[in-house]
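K.L.:
Would you mind keeping the following structure in view while I ask a few things?
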Amino acid sequence: DIDRLAIEMTECKHMGMTVLNPDVNESFVEFAVVPNERKIRFGMAAVKGVGVAAVEEILRARDEGKFTSIEDFAKRVSTSRVNKKAYEALIKTGAFDGFGTRSDLLFNLEDILAFASKLQKEALSGQTDLFGDLGGGSGLMPSIELKTAPVRYTEKEQLMWERELLGLYISAHPLDNFDAFFEEQTIPLHSVTPKIDGQLVTIGGLVTTLRSIVTKSGSKMAFVGLEDNNWGTTCVRMLC
């Protein structure tokens with residue numbers, strides 16, 4: 001429930017708590033409080049495209065020690081449980097930020113998956129020891145060399161990924177530069193409740209949805225969805 005999640009995240013923000021992006025080395029299935037800090041870590045199962053089974057596989061591998069690189073992750077986490085869709089979603093939401101930029105990781109994703117699949121198949125056939133050398137120990141363990149992406153994704157694009165896959169902007173918000181204006185000129189969207197029915201108020205935010213209809217009387221009407229940087233959402237009905 002994205003609306004309920006937005007309310008809870010807003011409450012956390014008002015309590016002075018920071019909400020952190022998912023992280024393959026720190027996150028669990030569900031949301032979790034960071035010990036001794038006023039921070040909450042996003043749960044990996046809350047990422048669209050990443051199921052509980054995939055998260056459990058990541059946690060199983062992590063029980064043997066935190067991941068030191070994307071290569072280490074690819075070696076230890078089964079591609080039969082964590083597939084391309086899950087990798088992509090985790091990269092886009094920042095869960096691999098400790099291992100490289102989102103642009104570089106996405107650019108190299110096919111190579112990462114091919115490396116993981118090849119290594120794991122060879123391990124099953126006895127050709128490779130995932131934690132040692134090849135075959136009889138005479139070869140060198142294959143590795144991944146991340147290539148630099150020719151095109152860098154913008155902050156706006158990365159924030160849109162978060163919005164799409166997490167339901168919320170987490171690392172930043174497109175309206176952050178307008179904090180002072182909104183604080184002085186508007187009321188937060190989460191304050192728009194039946195309690196203020198009939199009052200004239202000023203609100204502002206990003207337009208997230210727009211739907212227009214024609215009423216039985218022939219009048220045009222629009223329903224506009226708005227979102228602010230306090231994770232508040234509302235729908236405004238307008239006569240055209």
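The values are calculated or read from the model by the stated rules, or taken from the named source; none is laboratory data. Quantities reported herein were computed from a predicted structural model and do not represent experimental measurements. All Cβ positions, even for glycine, are placed from backbone atoms using ideal geometry, and neighbour counts span all protein chains on display.
K.L.:
Residues that are surrounded by fewer than 11 Cβ atoms within 10 Å (Cβ to Cβ): list the strands (runs of 3 or more DSSP E) wholly contained in region 149-240 that include at least 2 such residues.
P.N.:
On the way: elements: 206-214, 220-227, 233-239.
Correct list: 206-214, 233-239.
K.L.:
Going by the structure shown, is residue 146 at pLDDT 95 or above and closer than 22 Å to residue 22 by Cβ? Show your work before the answer.
P.N.:
Working: at pLDDT 95 or above: no; closer than 22 Å to residue 22 by Cβ: yes.
So residue 146 does not fit the description; no.
Yes/no matrix, rows are residues, columns are (1) in the same structural domain as residue 118 (by TED's automatic domain parsing); (2) out of contact with any Lys or Arg (no Cβ under 9 Å at 6 or more places or on another chain); (3) of a type in the set (D, E, K, R); (4) part of a helix (DSSP H, G or I):
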{"site": "57", "(1), (2), (3), (4)": "yes, no, yes, yes"}
{"site": "64", "(1), (2), (3), (4)": "yes, no, yes, no"}
{"site": "67", "(1), (2), (3), (4)": "yes, no, no, no"}
{"site": "75", "(1), (2), (3), (4)": "yes, yes, yes, yes"}
{"site": "82", "(1), (2), (3), (4)": "yes, yes, no, no"}
{"site": "87", "(1), (2), (3), (4)": "yes, yes, no, yes"}
{"site": "91", "(1), (2), (3), (4)": "yes, no, no, yes"}
{"site": "94", "(1), (2), (3), (4)": "yes, no, no, no"}
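K.L.:
Can you say whether residue 56 is within 15 Å of the chain's Cα centre (by Cα) and charged (D, E, K, R), as far as the supplied structure shows?
P.N.:
Details: within 15 Å of the chain's Cα centre (by Cα): no; charged (D, E, K, R): yes.
Answer is no for this residue.
K.L.:
Would you point out which residue out of 30, 26 is at pLDDT 90 or above, surrounded by 15 or more Cβ atoms within 10 Å (Cβ to Cβ) and in a loop (DSSP other than H, G, I, E, B)? Outline the logic, then answer.
P.N.:
Details: 30 fails: surrounded by 15 or more Cβ atoms within 10 Å (Cβ to Cβ).
The match here is 26.
K.L.:
Just the residues that are among the hydrophobic types (A, V, I, L, M, F, W, C) and surrounded by 15 or more Cβ atoms within 10 Å (Cβ to Cβ), please, taken from region 8-23.
P.N.:
Keep residues of region 8-23 that are among the hydrophobic types (A, V, I, L, M, F, W, C), which gives 9, 12, 15, 17, 19-20.
Of everything in region 8-23, those that are among the hydrophobic types (A, V, I, L, M, F, W, C) and surrounded by 15 or more Cβ atoms within 10 Å (Cβ to Cβ) turn out to be 9, 12, 17, 19, 20.
K.L.:
Considering region 98-128 alone, what residues qualify as being assigned to a helix (DSSP H, G or I) and surrounded by fewer than 17 Cβ atoms within 10 Å (Cβ to Cβ)? Spell out how you get there, then give the answer.
P.N.:
Our first condition is that a residue be assigned to a helix (DSSP H, G or I); within region 98-128, this holds for 98-99, 102-107, 109-124.
98, 109, 110, 111, 114, 117, 118, 121, 122, 123, 124, listed by residue number.
To keep it simple, each residue is scored yes or no on (1) among the hydrophobic types (A, V, I, L, M, F, W, C); (2) over 17 Å from residue 229 (Cβ atoms).
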{"residue": "12", "(1), (2)": "yes, no"}
{"residue": "15", "(1), (2)": "yes, no"}
{"residue": "19", "(1), (2)": "yes, no"}
{"residue": "26", "(1), (2)": "no, yes"}
{"residue": "30", "(1), (2)": "no, yes"}
{"residue": "40", "(1), (2)": "yes, yes"}
{"residue": "48", "(1), (2)": "no, yes"}
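K.L.:
Taking the stated definitions as given, is residue 43 in contact with a Pro (Cβ under 8 Å, 6 or more places away or on another chain), in the same structural domain as residue 29 (by TED's automatic domain parsing) and surrounded by fewer than 19 Cβ atoms within 10 Å (Cβ to Cβ)?
P.N.:
On the way: in contact with a Pro (Cβ under 8 Å, 6 or more places away or on another chain): yes; in the same structural domain as residue 29 (by TED's automatic domain parsing): yes; surrounded by fewer than 19 Cβ atoms within 10 Å (Cβ to Cβ): yes.
Taking the combined requirement at face value, the residue satisfies it.
K.L.:
Could you list all residues from region 96-113 that are in contact with a Lys or Arg (Cβ under 7 Å, 6 or more places away or on another chain) and of a type in the set (Phe, Trp, Tyr)?
P.N.:
107
K.L.:
Further, regarding this structure: So is residue 73 surrounded by 20 or more Cβ atoms within 10 Å (Cβ to Cβ) and closer than 16 Å to residue 109 by Cβ or not?
P.N.:
On the way: surrounded by 20 or more Cβ atoms within 10 Å (Cβ to Cβ): yes; closer than 16 Å to residue 109 by Cβ: yes.
The answer is yes for residue 73.
K.L.:
So, one more: Pick from 186, 209: which is touching a strand residue (DSSP E or B) at 6+ places or on another chain (Cβ under 6 Å), among the β-branched types (Val, Ile, Thr) and farther than 18 Å from residue 7 by Cβ? Reasoning before the result, please.
P.N.:
Details: 186 fails: touching a strand residue (DSSP E or B) at 6+ places or on another chain (Cβ under 6 Å).
The unique qualifying residue is 209.
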